[in-house]
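Peer 1: Below is the structure I would like to discuss, written out as structure tokens.
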Amino acid sequence: MTDSGLVVVDKPAGMTSHDVVSRVRREFGTRKVGHAGTLDPMATGVLILGIERGTKFLAHMVTATKAYNATISLGASTTTDDFEGEIISQTSAAHITDAEILSAIANLTGDIMQKPAKVSAIKIDGKRAYQRVRDGEDVDIPARPVTVNRFEVLESRQSPREVDVVVECSSGTYIRSLARDLGEALGVGGHLTALRRTEVGPFSLDDASPLDSMELSLNLDEALVRCYPRLDVTAEESHKLAMGQWLEPRGVKGTYAAVGPDGRSIALVKEKGKRLSTVFVAHPSTL
């Protein structure tokens with residue numbers, strides 16, 4: 001339990017999320033490592049990993065929103081919607097004005113329907129979409145609802161026609177799909193040339209460490225109260241929760257981190273009917 005928790009990494013470019021997991025497994029000497037929110041090899045930035053019992057917490061971690069800095073190149077479409085794919089169409093985008101870009105971006109902001117890239121990690125009948133593409137299959141992923149809370153231009157360049165943008169969005173939003181759709185809306189095509197994730201839920205680049213100076217970022221006690229509001233419980237109640245037992249309701253809504261008098265985050269709890277029940281037990285009595 002002393003080694004259980006979260007590691008927040010600033011992922012470098014050129015590594016897959018699984019590459020990072022393998023590296024963390026070696027550094028911490030354990031196979032029990034998992035990650036939340038895959039980052040493409042070209043992308044950099046915040047990648048959250050669970051260590052030991054922290055892997056079980058990943059499924060409950062609040063990461064409903066994410067933020068990115070990205071660069072979109074206009075005038076070319078690619079097979080992967082980013083610079084790593086093959087160019088499938090190309091035209092001049094020199095005539096595209098900043099006003100036209102801002103108008104198109106406005107239509108891609110808010111609650112929208114988005115079709116993920118064909119090479120995404122989405123599973124189709126148990127198989128990753130990108131693997132189906134590699135196997136020569138024709139993949140068509142249905143559009144799905146996502147929310148883009150912020151989509152703003154930070155800088156615009158004429159040659160080549162590029163825009164640096166900041167995006168704040170719901171989990172499940174694909175930034176390279178936004179690049180593709182922006183290019184399509186402008187009639188010239190577009191793709192992603194740079195991507196850096198700056199926030200995942202309550203975690204930001206300020207929490208992230210480079211791979212060469214890796215250490216446990218938060219233990220389980222810290223992770224639970226970072227992601228959920230705190231609910232103080234007595235020592236007796238802590239003991240019950242550690243055994244997976246329920247408590248009397250408190251009249252609270254949503255999920256809380258139950259914290260005992262010793263400062264330990266015993267469990268995540270949520271009211272269900274007339275019970276305050278455990279959702280995830282961080283410190284089970286069996287351990």
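The values are calculated or read from the model by the stated rules, or taken from the named source; none is laboratory data. As the structure is a computational prediction, the values presented were derived from the model and not from experiment. Cβ placement follows ideal geometry from the backbone for every residue including glycine, while neighbour counts extend to all protein chains displayed.
Peer 1: Within the group 43, 13, which residue is in contact with a strand residue (DSSP E or B) (Cβ under 9 Å, 6 or more places away or on another chain), of a type in the set (Gly, Ala, Ser), surrounded by 21 or more Cβ atoms within 10 Å (Cβ to Cβ) and not assigned by TED's automatic domain parsing to the domain that holds residue 178?
Peer 2: Every option except 43 fails the conditions.
Peer 1: Further question: Scan the range 74-89 and tell me whether some residue there is more than 30 Å from residue 157 (Cα to Cα) and buried (at least 16 other Cβ atoms within 10 Å of the Cβ).
Peer 2: So far as the range 74-89 goes, no, none of its residues is more than 30 Å from residue 157 (Cα to Cα) and buried (at least 16 other Cβ atoms within 10 Å of the Cβ).
Peer 1: Identify, please: which residue in the range 26-54 is assigned to a loop (DSSP other than H, G, I, E, B) and among the small types (Gly, Ala, Ser) and is, among those, nearest to residue 81 (Cα to Cα)?
Peer 2: So, considering only residues that are assigned to a loop (DSSP other than H, G, I, E, B) and among the small types (Gly, Ala, Ser), the one nearest to residue 81 (Cα to Cα) is 43.
Peer 1: Looking at the range 163-181 only, could you name the residues that are within 18 Å of residue 69 (Cβ to Cβ) and either surrounded by fewer than 19 Cβ atoms within 10 Å (Cβ to Cβ) or outside the structural domain of residue 101 (by TED's automatic domain parsing) (or both)?
Peer 2: Within the range 163-181, 164, 166, 168, 170, 171 qualify.
Peer 1: Given the conditions (1) in contact with a helix residue (DSSP H, G or I) (Cβ under 7 Å, 6 or more places away or on another chain); (2) closer than 23 Å to residue 166 by Cβ, report the number of the one that residue 57 does not fulfil.
Peer 2: Condition (2) is where residue 57 drops out.
Peer 1: Can you name every one of the strands (runs of 3 or more DSSP E) wholly within the range 86-195 that holds 3 or more residues which are modelled with pLDDT under 90 and aliphatic (A, V, I, L, M)?
Peer 2: No strands (runs of 3 or more DSSP E) qualify here.
Peer 1: Residue 198 fails exactly one of the following numbered conditions: (1) part of a loop (DSSP other than H, G, I, E, B); (2) of a type in the set (S, T, N, Q); (3) surrounded by fewer than 21 Cβ atoms within 10 Å (Cβ to Cβ). What is the number of that condition?
Peer 2: So the condition that residue 198 fails would be (1).
Peer 1: Hey, another quick one. Would you mind stating whether residue 2 is surrounded by fewer than 18 Cβ atoms within 10 Å (Cβ to Cβ), of a type in the set (Ser, Thr, Tyr) and at pLDDT below 95?
Peer 2: Considered against the rule, which asks whether it is surrounded by fewer than 18 Cβ atoms within 10 Å (Cβ to Cβ), of a type in the set (Ser, Thr, Tyr) and at pLDDT below 95, residue 2 comes out as yes.
Peer 1: Quick one: is residue 31 surrounded by 19 or more Cβ atoms within 10 Å (Cβ to Cβ), closer than 27 Å to residue 266 by Cα and of a type in the set (D, E, K, R)?
Peer 2: no
Peer 1: Quick check on the range 70-111: of everything there that is more than 15 Å from residue 175 (Cβ to Cβ) and of a type in the set (Val, Ile, Thr), which residue is nearest to the chain's Cα centre (by Cα)?
Peer 2: Residue satisfying both the conditions and the ranking: 79.
Peer 1: Residues in the range 199-210: is at least one over 30 Å from residue 15 (Cβ atoms) and of a type in the set (Val, Ile, Thr)?
Peer 2: no
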